[in-house]
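Inspection log for the structure reproduced underneath, given as structure tokens.
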Amino acid sequence: MKPVTIPFFISHQGCPHTCVFCDQRAISGDNGAIPTAVQINDRIALWRTTSGERPLEVAFFGGTFTALPHVVQAALLEPLQPFLKNGSLDSIRISTRPDCIDTERVAWLSEMGVRTIELGVQSLDDAVLAASGRGHTGADCLTAICCIKAGKLKVGAQLMPGLPGDTPATSLVSLERVIAGGVDFLRIYPTVVIKGTELARRYAAGEYTPLPLDRGVSLCALLLQCAMKAGIPVIRLGLQADHGLDDDHILAGCWHPALGQLVRSRLYADLVTRFVFPGQRATVRCNPTRYSDVVGVRRNNLLVQAGRGVRMQIISDTAVPEEQLSIQTECTCSSYSIVTDLHYSIDEV
Ligand code: SF4
């Protein structure tokens with residue numbers, strides 16, 4: 001059963017500096033103060049009343065957990081120990097930077113009940129990392145992934161296509177290399193320009209060209225398909241819109257409140273376009289969990305097919321796997337997969 005995550009945003013706490021694109025307070029909508037033991041206890045008690053039978057996981061997001069003074073890390077993890085012991089809390093997840101993790105830290109975190117570490121990798125390209133003010137190299141990221149795997153914890157990588165100096169090709173190479181490095185899951189957050197950041201200053205000065213939404217969707221579709229081929233889940237695509245992020249905070253970049261749906265919808269739309277000829281009538285069956293993706297944001301996929309003269313009926317069918325469509329036309333009836341039956345080229349992004 002998928003755990004319910006109780007998030008604590010410790011925005012920028014522990015960060016050695018501010019990366020050029022980052023404003024965690026705007027992203028999380030939280031001032032990022034370190035929670036007290038009482039606040040931690042109260043929030044867990046509150047979430048337990050609504051989580052039903054599902055296991056609970058506490059997550060510390062938005063800062064550099066392992067760069068906090070050790071006493072602060074301990075003060076955050078110790079209140080969780082009684083919950084772990086009595087079984088009312090299943091696990092702990094933290095996020096940190098690749099240059100702030102080592103064997104000793106992983107061993108201690110594991111003893112304290114941490115089961116998952118999310119790394120802000122962003123890119124494996126050293127020029128992109130330098131231009132983004134990250135202060136670490138691609139090699140640091142791969143070393144950190146190895147170190148966490150060796151400590152038998154789960155490791156996830158966050159990637160940010162569209163950073164300064166990035167290209168679709170370097171984004172793809174970064175994704176391929178973190179997958180080869182052994183990550184268990186990915187988050188893909190295409191770069192957005194947030195008001196007040198160094199990136200916003202560069203954008204205003206004409207020193208940075210953001211990745212626009214249409215190209216970002218094309219690139220993310222390719223990256224998502226690549227991850228699916230490797231069997232690595234992408235647990236989030238695009239920043240969450242329900243915190244402090246809105247059009248007032250975002251100046252430019254690959255931003256849409258339903259970016260993940262836009263990207264998944266693109267894959268299904270491309271599959272229909274590939275296998276249904278213009279002017280045909282098509283009955284498309286999909287897994288119920290994918291129905292809204294197949295229809296598209298604001299029914300966009302239906303409109304696109306209507307523009308090709310395709311009259312498309314979409315039916316939910318639990319027998320169809322999530323990554324497939326069963327397509328019936330006047331001439332054929334066959335199943336196709338967004339993983340194996342679409343072939344994207346990085347040159348087309
Ligand atoms: S990107 Fe990560 S390390 Fe950089 S300022 Fe933001 S939270 Fe801190």
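The values are calculated or read from the model by the stated rules, or taken from the named source; none is laboratory data. The model shown is predicted, which means the values in this text are computed figures rather than measured ones. In this analysis, Cβ positions are derived from the backbone assuming ideal geometry, glycine residues included, and neighbour counts consider all displayed protein chains. Accessible surface is based on the protein model in full, side chains and every heavy atom, while ligands, DNA and RNA are left aside. Shrake-Rupley method; radii C 1.70, N 1.55, O 1.52, S 1.80 Å.
Worth pointing out:
- Residue ID - farthest from ALA144 (Cα to Cα), chosen from residues in segment 178-221 that are among the charged types (D, E, K, R) and assigned to a helix (DSSP H, G or I): ASP214
- Any hit, segment 11-29, residues being within 14 Å of the ligand (Cβ to nearest atom), part of a loop (DSSP other than H, G, I, E, B), open to solvent by 80 Å² or more (accessible area, probe 1.4 Å) and closer than 27 Å to ILE101 by Cα: yes
- Among residues of segment 40-54 being touching a Pro at 6+ places or on another chain (Cβ under 9 Å) and part of a loop (DSSP other than H, G, I, E, B), the one that is modelled with the lowest pLDDT is SER51.
- Checking ALA221, ALA180, ALA258 one by one, the residue that is more than 30 Å from VAL114 (Cα to Cα), small (Gly, Ala, Ser) and surrounded by fewer than 23 Cβ atoms within 10 Å (Cβ to Cβ) is ALA258 and no other.
- GLY156 open to solvent by less than 10 Å² (accessible area, probe 1.4 Å) and either touching a strand residue (DSSP E or B) at 6+ places or on another chain (Cβ under 9 Å) or more than 14 Å from the ligand (Cβ to nearest atom) (or both): yes
- Residues of segment 79-107 that are surrounded by 16 or more Cβ atoms within 10 Å (Cβ to Cβ) and more than 24 Å from LEU159 (Cβ to Cβ): PRO79, LEU80, PHE83, LEU84, LEU89, ASP90.
- Apart from one condition, MET1 fits all of (1) within 16 Å of the ligand (Cβ to nearest atom); (2) in a loop (DSSP other than H, G, I, E, B); (3) within 23 Å of the chain's Cα centre (by Cα); the exception is (1).
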